[in-house]
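Everything on this sheet refers to the single structure shown next.
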Amino acid sequence: MQDRKEYEERQEQVKGAILSVQSLRQYLALERLHADQIKVKRMYVDMAGDLAAGVLLGQILYWFTPKKNGDMKVSIEHEGKLWLAKSRKDWWNEIRLTPKQFDRACWLLEKRNLIETIICKFSGSPTKHFRPNEDEIMKQVKAIFTNRQFGYSPKGNFVFSQRVKRKYTKGEKPSIIAKTTS
């Protein structure tokens, strides 16, 4: 809880500093200190096959990462397994997924067998609980690193499903007609 209080105090300090800046340059210098950001590894997007699902996967994995002292961030235990419980509102506040985006991302992650989900009561309401499917995630992580398929590769093999016809012949420049309105 102390970490959360320190975080909120720091954010208030940053907020005050940002509100006092007079230029974009000053703002950008302060922006790097602000912790209000969403980070996602490209590998998670690749595994999920979708940006929103990759962000959700990355955040679920974040919650299953141990704290600095080695304790787990998640503490809900059901049938001998740890689970993460969050409402749609929680996911919006944390990673800015709308309920529709969240449902689709969750569906994609389940379809790809990257997460397990159950519905259990949490704070008195039925809530979707999540946990990473360790075997599938590790299988995909190893495949990505074994095949060196991580990150963007400009020399990769791209398959285009459709060709686009040029509107103009090569070397021809389209004429720009300026319209004046009164």
Original post:
Mind checking which pairs have a first residue in the stretch 112-134 that is within 21 Å of T65 (Cβ to Cβ) and a second that is assigned to a strand (DSSP E or B) and of a type in the set (K, R), Cβ under 7 Å, 6 or more apart or different chains?
Top reply: I115/R131; E116/R131; T117/K128; R131/K81
**OP:** Output the residues belonging to the stretch 74-99 that are farther than 19 Å from I38 by Cα and of a type outside the set (A, V, I, L, M).
**Re:** S75, E77, H78, E79, G80, K81, W83
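Yes/no matrix, rows are residues, columns are (1) within 14 Å of the chain's Cα centre (by Cα); (2) aromatic (F, W, Y); (3) within 19 Å of K73 (Cβ to Cβ); (4) assigned by TED's automatic domain parsing to the domain that holds G49:
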site	(1), (2), (3), (4)
L84	no, no, yes, yes
T98	yes, no, no, yes
Q101	yes, no, no, yes
A105	yes, no, no, yes
I115	no, no, yes, yes
F122	no, yes, yes, yes
F130	no, yes, yes, yes
Original post:
In the stretch 104-133, how many are at pLDDT 95 or above, of a type in the set (D, E, K, R) and either more than 15 Å from I60 (Cα to Cα) or not in a strand (DSSP E or B) (or both)?
Top reply: 4
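So, in the stretch 48-97, of the ones that are basic (K, R) and free of Cβ contacts under 8 Å to residues at least 40 places away in the same chain, which residue ends up surrounded by the fewest Cβ atoms within 10 Å (Cβ to Cβ)? If you could, list the steps in order and put the result at the bottom.
Going through the stretch 48-97, the residues basic (K, R) turn out to be 67-68, 73, 81, 86, 88-89, 96.
Remaining after also requiring free of Cβ contacts under 8 Å to residues at least 40 places away in the same chain: 67-68, 73, 88-89.
Values: K67: 9, K68: 6, K73: 12, R88: 17, K89: 10.
Step by step, filter the stretch 48-97, then rank; the result is K68.
Tell me, which helices (runs of 4 or more DSSP H) lie completely within the stretch 1-81 with 3 or more residues that are at pLDDT below 85?
Values: elements: 2-20, 24-31, 42-48, 51-63.
Per the criteria, 2-20, 24-31.
The values are calculated or read from the model by the stated rules, or taken from the named source; none is laboratory data. Nothing here was measured: the structure is a model prediction, and the numbers come from that model. Glycine gets a Cβ as well: all are built from the backbone with ideal geometry, and neighbour counts include every protein chain shown.
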